[in-house]
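The values are calculated or read from the model by the stated rules, or taken from the named source; none is laboratory data. Everything numeric here is computed off the predicted structure, so don't read it as measured data. Glycine gets a Cβ as well: all are built from the backbone with ideal geometry, and neighbour counts include every protein chain shown. For accessibility, only protein heavy atoms count, side chains too; no ligands or nucleic acids. Shrake-Rupley method; radii C 1.70, N 1.55, O 1.52, S 1.80 Å.
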Amino acid sequence: METSSKVTIKSFISKLRDVVKTKYRESVISLVSFIVIALVVMLLVAFAAYEAFAYVMQKMVMLMYTVMYGMTGAVSSSSILIGVLLFLLALVVLFAAMYFIQFFVVAIQYEFQDAIKDDSKKISLKGIWAQFKLMSKNQMWRLFLYTSLFSALWTLPTNILGMVFSSNGILYAIFGILTVIIAVWKSLEYAQGIFLYREQRPKFLGQSMRHALTASRRFMSHKKLQFLLILIVTILPLIIGEVILGLIAFYGTYTATYFFLYLGIVLMIVFLCAYLPVLYFSKPLYFEMTRSSVSIDETFEKTFKSVEKLTGTAK
């Protein structure tokens, strides 16, 4: 794949259109299939959690009646304990499933990145699963935590000031806007962390995952506004399409015409699924088109510790 050190919105959109056109069918099938599987798993786990919760509530009500009316044998403490444990187990599984989805999202990004670099690469669920298996979950988990932690710390002062001056509507709004600006700014700085980590993955053994975020900040220096504009231009057609189709659903609600209501909802879902390849190709494509303007090694300069320091043998 040829890259250019100068990436304009026009050149990016042109390249994105070519990539999506070439890989559209296989990418949309893989993405929709993954979403369906993820939704089914989440719904099953959520249903199990709901049933366990309902069971616990039923036993608690029966226990209340036992205490109030002196009923005996209505409910046992062991049955309540079992219900509570089942409910907690279902919640743990539900949150674990939600958390693991983040790993699969990164696996999808890597699969799409490989398809951008290699025109012969076929995107598939099997390929996404292979990316997931190759991924170091421990390292990626720590990268997620560092990203969330640093973003939260950067927005903490404005959040605190917003709470302090919550009685003043103008100041509260100003600090709220500043919080959003800082959050967007930091998300742009950290946007390439997962790809830069992938470039230097062997070197991260025993190292801090914050180095990927440091490299991303250096990589995105003087590129954040450009990347933001590209993201806006990329997602704008989706927003416009969803608004137009949403008006059909709103018309159905306003006129109590359920045909138009359900038609609008179905069309919104279909349009979103059809547009997903554009969204998932955008981020890795931007990285591949801009990497030639930056030395990957220089973005990690003075970040990794030496083996001597890691092993405690440095003099």
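So here's what we get for this one:
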{"quantity": "Top-ranked residue of the stretch 122-166 - restricted to ones that are of a type in the set (Lys, Arg), closer than 20 Å to Leu196 by Cα and surrounded by fewer than 14 Cβ atoms within 10 Å (Cβ to Cβ), ranked as nearest to the chain's Cα centre (by Cα)", "calculated": "Lys137"}
{"quantity": "Criterion violated by Gly246 - all others in (1) surrounded by 16 or more Cβ atoms within 10 Å (Cβ to Cβ); (2) closer than 30 Å to Lys10 by Cβ; (3) not hydrophobic (A, V, I, L, M, F, W, C) satisfied", "calculated": "(1)"}
{"quantity": "Qualifying position, being touching a residue at least 12 places away in the same chain (Cβ under 8 Å), within 22 Å of Lys15 (Cβ to Cβ) and open to solvent by less than 60 Å² (accessible area, probe 1.4 Å), among Phe281, Phe300", "calculated": "Phe281"}
{"quantity": "Residue in the stretch 67-76 that is modelled with pLDDT under 70, among the hydroxyl-bearing types (Ser, Thr, Tyr) and not in a helix (DSSP H, G or I) present", "calculated": "yes"}
{"quantity": "Inter-residue pairs, beta-carbon under 7 Å, first closer than 16 Å to Lys137 by Cβ and in the stretch 192-221, second of a type in the set (Lys, Arg), 6+ apart", "calculated": "Met209/Arg142"}
{"quantity": "Where a residue in the stretch 24-46 is under 15 Å from Leu272 (Cβ atoms) and its partner, wherever it lies, is among the aliphatic types (A, V, I, L, M) and not in a helix (DSSP H, G or I), with Cβ under 6 Å and at least six apart", "calculated": "Ser27/Ile123"}
{"quantity": "Answer residue from the stretch 167-185, given it is farther than 18 Å from Ser221 by Cα and of a type in the set (Val, Ile, Thr) and is surrounded by the most Cβ atoms within 10 Å (Cβ to Cβ) among those", "calculated": "Thr179"}
{"quantity": "Enumeration of residues in the stretch 214-234 that are within 13 Å of Ile296 (Cα to Cα) and aliphatic (A, V, I, L, M)", "calculated": "Ala215, Met220"}
{"quantity": "Filtered residues of the stretch 186-200 (kept if crowded, with 16+ Cβ neighbours inside 10 Å and part of a helix (DSSP H, G or I))", "calculated": "Lys186, Leu188, Glu189, Gly193, Ile194, Phe195, Leu196, Tyr197, Arg198, Glu199"}
